[in-house]
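Structure first, then comments.
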Amino acid sequence: MEAARREIPFGKPLIGDEERRAVARVLEGTILTHGPSVKAFEAAMAAYTGAPHAIGTASATASLHLAYFCTGIGPGDEVLVPAQTHVATAHAVELVGARAVFVDSDPTTGNIDLGQLEAMIGPRTRAISVVHYLGLPVDMRRVMELARRHDLLVVEDCALGLGSSIDGTHVGRFGDLGCFSFYPVKHITTGEGGMTITRRADLAALTSTRRAFGIDRNIVQERAIPGVYDVQELGLNYRLTELGAAMGVEQMKRLPGFLERRRRNHQLLSRLLREIDGIEILAEPPPGFVTSWYCHLAILSADLAPQRSEIVDRLKARGVGTSIYYPRPVPHMTWYRQKYGFRDDQFPQASRLSYRGIALPVGPHLDEEDMAYIAESLRQALAGTRRP
Ligand SMILES: *Cc1c(COP(=O)(O)O)cnc(C)c1O
């Protein structure tokens, strides 16, 4: 018997009356940026992650760019970056004039391959950038041990890691800086927005100043004449708006519920996907590791891989929205290929995830029946594909 057709978008921001009221309150006032809502959102993120400092920014990309800008990484320096990530992880390195050196993925977790990482540390390496791929924490104890031994900075891209932790320590708190995203399909949203967390007071102060033109904050507060300030640093305009931050404060209150829904959906979908032939899934978190359950990844077997777009179309025809995380390993993107001459056969594990993966939704807009429908739809799509 056919289950009734469902419409299952891959991602759907859950904006409720609380968020709408909070934004309306901001609009009733005159402070639209850089005000009390940003402060409240920063305080909520600091409390949730346990980080001593949280600085709101325009996006995760802005936070990542500021991370390298504020640690003085630049021309002549190299930063080790996972090949399998959003292009922003690598762009942030290249934007300050440093070189992104790509490391392939661990086949079981999708995270940066720590075995290869150590061998790639060279005389110009200044930092390690890790991405908690689809929310699963990278083994930060090993990363920090390597970083200490080789005197390297560590930047954590936590764009998919809100809610992820190791032994109770939230991701973003292991390295020097952690960068979060509030883009609409991430765990919570502010429209566009980001956050930097750090335990280092020096980097917190510099990030805060450089996100707003390098303006000397103290002078702004101390001077009697409005509009008078001094500039002691280079800087950008990477601020978060009051409208976004007001949404963020409300979204943070709902985050535990969102994560619980994701966990339940993900666990059910894991069980159902394990019964389907022709696909593999990534490893479950090891003991002590908590993931944020960003999405599920069904990795097609090599023989089915050429039919991926057909399979995605069949899922779409049944109303199941999917995505690809991420569409190509970053070194296969044209800009990087042209700059560094990478070839198709490099980064085989990142390629397996990019070219054979289908990302399936588990977000809080969905429930157990949706998971059963997704699994059944995938089973049918694969069966249809193998019988041409
Ligand atoms: C989404 C994402 C980003 C970019 O986030 P923005 O807030 O859109 O700049 C960076 N890194 C990873 C891993 C992402 O998934």
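Magnitude of the charge dipole for segment 5-88, about its Cα centre and with charges confined to Cβ atoms of Lys, Arg (+1) and Asp, Glu (-1), is about 360 debye. Amide H contacts for Phe289 (H built 1.01 Å from N in the peptide plane; partners 5 or more residues away or on another chain; cut-off under 5 Å): Asp167.
Computed from label points 7 Å out along Cα-Cβ, the spacing between His150 and Ala119 is 1.3 nm. Estimated from helices alone, the mean residue ellipticity of the chain at 222 nm is -12500 deg cm²/dmol (sum of -39500 (n - 2.57) over DSSP H runs with n ≥ 4, per residue).
So which GluC sites (Glu not before Pro) in segment 2-92 are both in a DSSP loop and have at most 16 other Cβ atoms within 10 Å of their Cβ?
Glu2, Glu7
Per residue, segment 168-210 exposes an accessible area of 29 Å² to a 1.4 Å probe, with every protein chain left in place. Please list, ordered by chain and number, the residues whose modelled amide H lies under 5 Å from the amide H of Leu177; skip anything fewer than 5 residues away on the same chain. The answer is Val154, Glu156.
Any idea what the relative contact order of the chain is, in percent, if you count C-alpha pairs under 8 Å spaced at least 6 apart? Spell out each step's value before the answer.
Working: 794 pairs, mean separation 86.8, N = 388.
After rounding, I find 22 percent.
Using a simple spin-label model with pseudo-atoms 7 Å out from Cα toward Cβ, Arg264 and Glu284 lie 1.8 nm apart. Is segment 1-128 rounded, prolate or oblate when judged by the Cα gyration tensor, a ≥ b ≥ c being the square roots of its eigenvalues, rounded requiring a/c under 1.5 and prolate requiring a/b larger than b/c? Oblate, since a/c reaches 1.5 and b/c is not below a/b.
The phi torsions of segment 320-332, fed into the Karplus equation with coefficients 6.51, -1.76 and 1.60 and a -60° offset, translate into couplings of 8, x, 10, 8, 10, 10, 10, x, 8, x, 3, x, 8 Hz, rounded to whole numbers, with Gly and Pro shown as x.
Does segment 64-221 come out rounded, prolate or oblate, given a ≥ b ≥ c as the square roots of the eigenvalues of its C-alpha gyration tensor, rounded meaning a/c under 1.5 and, failing that, prolate meaning a/b above b/c? Before the final figure, lay out each step's value.
On the way: a/c = 1.66, a/b = 1.24, b/c = 1.34.
Here segment 64-221 falls in the oblate category.
Assuming a ≥ b ≥ c are the square roots of the Cα gyration tensor eigenvalues, decide whether the chain counts as rounded (a/c under 1.5), prolate (otherwise, with a/b larger than b/c) or oblate. Taking the square roots of the gyration eigenvalues as a ≥ b ≥ c, the chain is oblate. Segment 220-273 and segment 124-176 have Cα centres separated by 20 Å. In this calculation the C-beta distance from Asp367 to Asp345 is compared with R0 = 30 Å, giving a FRET efficiency of 0.10.
I need to check one value: relative contact order of segment 318-388, counting alpha carbon pairs closer than 8 Å and at least 6 residues apart, in percent.
Working: 42 pairs, mean separation 27.6, N = 71.
Relative contact order for segment 318-388 comes out at 39 percent.
Considering only Ser181, Leu366, Thr33, whose Cα is most displaced toward the positive end of the charge dipole of the chain, charges sitting on Cβ of Lys, Arg (+1) and Asp, Glu (-1)? About the Cα centre, the residue reaching furthest to the positive side is Leu366.
From the cross-link list Lys186/Lys339; Lys316/Lys339; Lys186/Lys316, which pairs have alpha carbons spaced over 25 Å apart? Intermediate results must be reported in sequence, preceding the final value.
Numbers: Lys186/Lys339 30 Å; Lys316/Lys339 36 Å; Lys186/Lys316 21 Å.
With Cα atoms farther than 25 Å apart: Lys186/Lys339; Lys316/Lys339.
Just to be sure I follow: if Rg is taken over the C-alpha atoms of segment 156-281 and Rh is the Kirkwood radius over the same atoms, what is Rg/Rh? Don't skip to the end; give the middle numbers.
Numbers: Rg = 19.6 Å, Rh = 17.5 Å.
Looking at segment 156-281, the ratio lands at 1.12.
Between the amide H of Val103 and those of Val81, Ala83, distances stay under 5 Å, these residues lying 5 or more places away or on another chain, with hydrogens modeled in the peptide plane.
Summed over the residues of segment 36-139 and divided among them, the accessible surface reaches 30 Å² per residue at a probe radius of 1.4 Å. GNM remark for the chain: springs join alpha carbons under 10 Å apart, and the peak mean-square fluctuation among Thr125, Thr30, Thr241 falls on Thr30. About its Cα centre, the chain has a charge dipole of approximately 300 debye under the convention of +1 per Lys or Arg Cβ and -1 per Asp or Glu Cβ, with nothing else charged.
The values are calculated or read from the model by the stated rules, or taken from the named source; none is laboratory data. The structure displayed is predicted, hence computed values, not measured ones. No Cβ is skipped: glycine too gets one built from the backbone with ideal geometry, and neighbour counts run over all protein chains shown. Side chains are part of the model used for accessible areas, which takes the heavy atoms of the whole protein and leaves out ligands, DNA and RNA. Shrake-Rupley method; radii C 1.70, N 1.55, O 1.52, S 1.80 Å.
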